[in-house]
Each structure stands twice: as C-alpha cells, then as structure tokens.
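Some notes on the structure that comes next.
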Amino acid sequence: MNKRREGAPVFRARIVVLGLFLFTLFGTAAFFAIKLHLFPRKDLVTLAARQHNRTVKIPAERGEILDRNYQPLAKTVQGYNVCATSARAADDPLKFATVCNILGLDRPKTLELVTKRNKAATQLKTKITPAEADQIRAVDSDFITVDVQPTRYYPKGDLAGQIIGAVRDGDKPIGGIEYKYDDVLKGRDFAVRTKRIGDTRNLLESVPDLEKAKGSSVVLTIDEEIQHVAQSELDKTVEKYQAKGGNAIVMDVATGEILAMAQAPALNPNQYSKAPLEQRVIQAVTNVYEPGSTMKGIFLSVYLDEKGHSITDSVYCEGGKWRVYDYTIHDHGGHGTLTVPEVLEVSSNIGVGKLSQRISRAQFYEGLKRFGLGTPTGVDLSAESRGILHAPEKWSGMTSINMAFGQGVSVTPLQLLTAYAAIANGGVRMKPRIVREILDVEGKAVRTFEPEPAGTAISAKTAQTISSMLERVVYGDRGTGKLAKVPGYRVAGKTGTAWQTDPATGRYDKRRVVASFIGFAPSRNPKIAVLVTIDRPDTRLGEYGGTLAAPVFSSICRQALPTLGAKPDLEEKEEEKPAPKVAKKTMEDAPEEPPEYPAENLTSGAMPDLAGLPMREALRRLEQSGVPVALEIKGFGFLQRQTPPPGESLLPETVCVLEFIDAI
C-alpha cells in the first residue's frame, strides 16, 4: 500500500507533463493555423497555388495556305498523342498491355521506360490515327491520356510542295511559304489557367476563344489545275528521257502572277523530312544556269531597241564557221547572209555574235539589266539568286559574243521567264508574284498584293517586232520550235539547248545538257508566258529543246489557255499540218536546229571531207561511204582534224581517226 501511494505522485506528474506537451503542441499548431489563415505568408500561398493551379500554353491554330481559287493546299488538322502520366499507368497490367497492342509498342520495353521515369510523364506515341485514339480512350485508364495535338496536313500531296514548304513538330516552319510567311500564318499562342483535381485531372478556369488566336491565311497566285497540268506534263517528259529533273513555270504576263511552278522531282510536304536537301530547294529561284539559245531573243530585243538598228539589218554567217579572237564559233548549218529575223529563226550563233559587235558593251549590259538579269526578281520566296552578269569592265573581247548566244551569263528560270513575259507585255517587265492576298480568320482580305511594274525593258514597238520574230521560230520553214504549236492558238517562243559546265573540270560537258523552250500565247494578245527546262536528259534518248521541252510547252498551253478564258485566235486554215511525232533519236534524226551543210557528192569507198562538221553529221557521212572502217574518235563537238584526208580510198582495214573540239 505504501509503495503504491508513493508512486502515485510520479504518475500524476507524468500525466501533467504529457498534458502540457500535447496542449503546447496543439496550441502551437492552432496558433500557426490561425496565423496562416489570418496572416498568410506569400511564399506559402505561392507554393500552394503552384501545386494546385497550372498555366497551360495552347498554341494557336495555324492559318491555311490556299490557291488562287481558295482551294486548301495546307491546313491544320487534329493530331493525337498518347502519354502515360506516371509509372502508375502500369498498375493494371491488362490495360497497359491493351494500350501497347493498340499502338504496336513492345510491352516490356515500354514498361521499362515508364517505370524508369516513375512519377514523370512518358510520351508513348505521337500522330496516332483517330481510330487508335478512340480505342485508347475505351481502355479507360486514369493514367494514360490522349492529347489533341495540331498537325499540319497537305491535302494535295506533292502539288507545289517546294513552294508550300512544311512545318515540323507542330510549330517549326521549314522552307517555302510556311517559312516566308510564318509570322502571318502562326497566329498568337495563348495561356489558360487550370486547377488540378486529383493526380491526373485539370479543370479549365475559363473557356478560351480559339478562333481569335488563329493565324491568318495566305492565298497564293498558283492555280491548282494549271499547277497539276504543268507537274504532270513535266514528270512524263523527265521520266521519258531519264532526265535528272526539270522545271515548268507559267506566268500571267500582265500581272506577273505565277500560275504554276512545277519542279521534278516533286516533293510531298507530308513527308518533307524524308526528301534529300537538293529536292527541297525551289530551283526556279535558287538554281542558275547558262540559258543557251533562249538568250538570243533577249539579245535581239536589246539590239533592235537601240537607235539605228532594224530587222532589215543583215549579217554574213560565214558558211557555219567563224574564226574570231583565236576561237571558232559554229552554227548548226552553213548559213550565208541572214537578216535579223532569219538569224533568230535558224538560231544562228554566228549571226547574234556578229550583231553583238554593233552595239557597245554598255548598251548590251544596260539592256540586259532592264530585262532584270543580274538582279533578284523580288518574288516572295526565300534564297533567291541574282544570277551572274558581270560588269562590262570585266568583259573580254569574246564576252559579248558569247553572251549573245547564252554563254558567260547565268540566270534563274524565273528571271528568264520574267524577261520573256516583258516582251509579251509590250516591253513592260512586271515583278513576279506568288502571294495574292492575306485573309483574316473570318475570310476577309486584310492585305492584297497588286500588280507591280518593275520597269520598261524595251519599247512597245520593239516588243511587237520581237514577238513576230519569235512566231517564225515556231511557224517558219526553218524554225526550230515546230513542236511548240498549240491547236487553235498562235504562239511565239524560242528553243534552247545549253551545255553546262562540269563542276569538277570547269569545262563544258555535252552530257550535262539543259533543253528548254520559252514562249507565250496567244502571241498577238498574250495571256501567259511559259518556260520548260529539262535538266540533264540521257542524251542517247534526246537532248534538244525543240524535241524535249517544246512539246511540254504545247501541252501546258493547250490545257491552260481554255481554263483562263483565252479565246482561240488561229483558224484551222491558218494552221499548218501538225508536226510529226519525234521518234527515238538515231544518227539520222534531225536535231533541234536542222543542219544545212552544203550537199556533198559522196564517192562510194572514198573518205569524205568532214572538216568543221559536228560529230553526228560527220559520222553520218562517213557511214554513207559504204565501207565498214574502224573508228578512233578523240574529243567532242566539231571536227578539227581527220585521217585519212578527203578523197583517199577507204578499205575495211582502214582506221579513221577523227579529232573533235568543243564549240565556243
């Protein structure tokens, strides 16, 4: 009893101490709770808000890219991404396996990835189909979400792909109009506040007005139908002649609007990243090349626009071979004296070369500058080249001669087309345009791009004269562009077959040919100008602009002119018989500019005189000798030296050595 009484005060003391401790503990907690409620600390309020409130950035919907008739070429559609919000997505093995099966994912690897990230979110797959999104939602997992992600879609596939460009990762423009007009198309991203509910749910505090943030739409000058025609006709020819590529551009001569800009190989923006870099560039504005004989139309425009010159001027063409400044200029024919129109009709190198010596270097240079050569056109496309046009003080004695037939000067396809469109437009050069207007979210035009003259290249009188001369290239007896004829429409134009230099050697390589045709129609009331270039065809199948590019020009015009409302201006009685179809090229086939070498009385069994002839003609005449001799051929181009000499008898064991040199 005494011991029990002695321990009671100790026990009560412990109870008192414990009571005081608990009172202090809860009192302190209550004190701080009241303090936080009545006098909240800003840092703790901020922390709580950060845990329960969230600001989410929502990208604005990108505006559309439309053709001139408001057909969509690029638009934004709903894309879907699947995300595991944490490792708890694998808590239900059956649901997790089902999700992996729907998405075609390796379940063990996906499980390892999700588990490794623990509480962090893991993106399982992007750009799934709407059907897959519905299946994932049906699984009904609290820790697997389907997020809507705007995705750029190009409904016309490879139609005008290089011009349009693409968008990567939803908001990164790469190339074309997507890049050039990104500030217009992308709209204004905005942020919305959400409240976190549970582990996985977020509730919007307010519903945003998505339409107001949407980007503006860009309307191009491109006509979907004409673009399709140009691309289709170009592709067929590039494939037929096994060419490396090509371009076809159609321009409204009065406004400078580009109605089509086709390029081969084409590019599908939906698969932009898979295309090689060289396929992504817009060759019409970035690539430069020596235009060859298509330059003759521009040079003669400059020549005739100078006082004291007329179409009655004549020039002696040396029978097809002209020695000047230690170089030899050749023609594809043994021409004598030709007038200016005849020089263009037969495409005489010697003719334009000699005529170039009748104007000063300054006159020639300034004339080319008025046509826009050596200067960017100003079209709304990135990375445009200015071409190559050296100042007169850097010219040698041969420069003006070479430039008159398209060597020693380089242009982009768009520069050349703009120059010819100026001839068709009465001498007034228009700034080329690819964008027509900008539309707001309601479809109202907020900016319109009007036609903009870029200067006067030549007088209206000279333009009319050159147009008539260019008609002779197509309809003249000796014209090189007969395959460019368009039923019902009178056309004018110029062929071109240009050798390009080999980057490795710096010398002209006859296997690196650009075959081209450029012209306009209807020629007496021009509506459109068209340029077609075929780059590096297999020369065994064809190489001349008159046989490769001219038919493409004809096909494009035949389908585009009615679409544009152009009335036929050529009656049936005025039309010549259709030019015969060009069969696969053989040694006997006539080239683009038919050779008019003097007829030679060949003696059977004797070595013919082949001096100055191009390789094709030399081999043809040697074959006509009737003796199957062995051949040793050196070089390319035109014959410089032959063994045996002319007139010597040929025997089956004779070895004929033919040495050729490049044309200048």
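The values are calculated or read from the model by the stated rules, or taken from the named source; none is laboratory data. Since the model is a prediction, treat every value here as computed from it, not as a measurement. Cβ atoms come from the backbone with ideal geometry, glycine included; neighbour counts cover every protein chain shown.
Quick check on residue 234: is it assigned by TED's automatic domain parsing to the domain that holds residue 558, at pLDDT 95 or above and within 14 Å of the chain's Cα centre (by Cα)? Can you show your working first?
Working: assigned by TED's automatic domain parsing to the domain that holds residue 558: yes; at pLDDT 95 or above: yes; within 14 Å of the chain's Cα centre (by Cα): yes.
So residue 234 fits the description; yes.
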Worksheet item: Any residue in the range 266-276 that is touching a helix residue (DSSP H, G or I) at 6+ places or on another chain (Cβ under 7 Å), surrounded by fewer than 18 Cβ atoms within 10 Å (Cβ to Cβ) and polar (S, T, N, Q)?
Response: yes
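From the list 511, 536, 558, 507, pick out the single residue that is closer than 24 Å to residue 468 by Cβ and either modelled with pLDDT of 90 or more or not polar (S, T, N, Q) (or both).
Values: 511 fails: closer than 24 Å to residue 468 by Cβ; 536 fails: closer than 24 Å to residue 468 by Cβ; 507 fails: closer than 24 Å to residue 468 by Cβ.
None of the other options fit; the residue is 558.
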Worksheet item: Under the condition of being at pLDDT below 95 and not hydrophobic (A, V, I, L, M, F, W, C), which residue from the range 159-178 is farthest from residue 76 (Cα to Cα)?
Response: 175
Item to complete: Filter the range 469-478 down to residues that are touching an Asp or Glu at 6+ places or on another chain (Cβ under 9 Å) and either buried (at least 24 other Cβ atoms within 10 Å of the Cβ) or modelled with pLDDT of 95 or more (or both), then give me how many there are.
Response: 4
Worksheet, complete the sentence: Out of (1) of a type outside the set (Lys, Arg); (2) under 20 Å from the mean Cα position of the chain (by Cα); (3) in a loop (DSSP other than H, G, I, E, B), the one residue 141 does not meet is (2)
Discussion item. Can you tell me which of (1) part of a loop (DSSP other than H, G, I, E, B); (2) surrounded by fewer than 21 Cβ atoms within 10 Å (Cβ to Cβ) is the one residue 510 doesn't meet?
Written reply: (1)
Discussion item. Please determine whether any residue of the range 338-358 is at positive phi and surrounded by fewer than 20 Cβ atoms within 10 Å (Cβ to Cβ).
Written reply: no
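Given the options 122, 129, 145, name the one that is surrounded by fewer than 13 Cβ atoms within 10 Å (Cβ to Cβ) and either on the phi < 0 side of the Ramachandran plot or touching a Cys at 6+ places or on another chain (Cβ under 8 Å) (or both).
Details: 122 fails: surrounded by fewer than 13 Cβ atoms within 10 Å (Cβ to Cβ); 145 fails: surrounded by fewer than 13 Cβ atoms within 10 Å (Cβ to Cβ).
Testing whether each residue is surrounded by fewer than 13 Cβ atoms within 10 Å (Cβ to Cβ) and either on the phi < 0 side of the Ramachandran plot or touching a Cys at 6+ places or on another chain (Cβ under 8 Å) (or both) leaves just 129.
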Practice prompt. Only residues that are over 16 Å from residue 475 (Cβ atoms), assigned to a helix (DSSP H, G or I) and hydrophobic (A, V, I, L, M, F, W, C): list them for the range 519-573, please.
Written response: 548, 552, 556, 560, 561
Response to the item:
Taking the range 73-110 and keeping residues without any contact (Cβ under 8 Å) to a residue 60 or more places away in the chain, within 17 Å of residue 148 (Cβ to Cβ) and outside any helix (DSSP H, G or I) leaves none
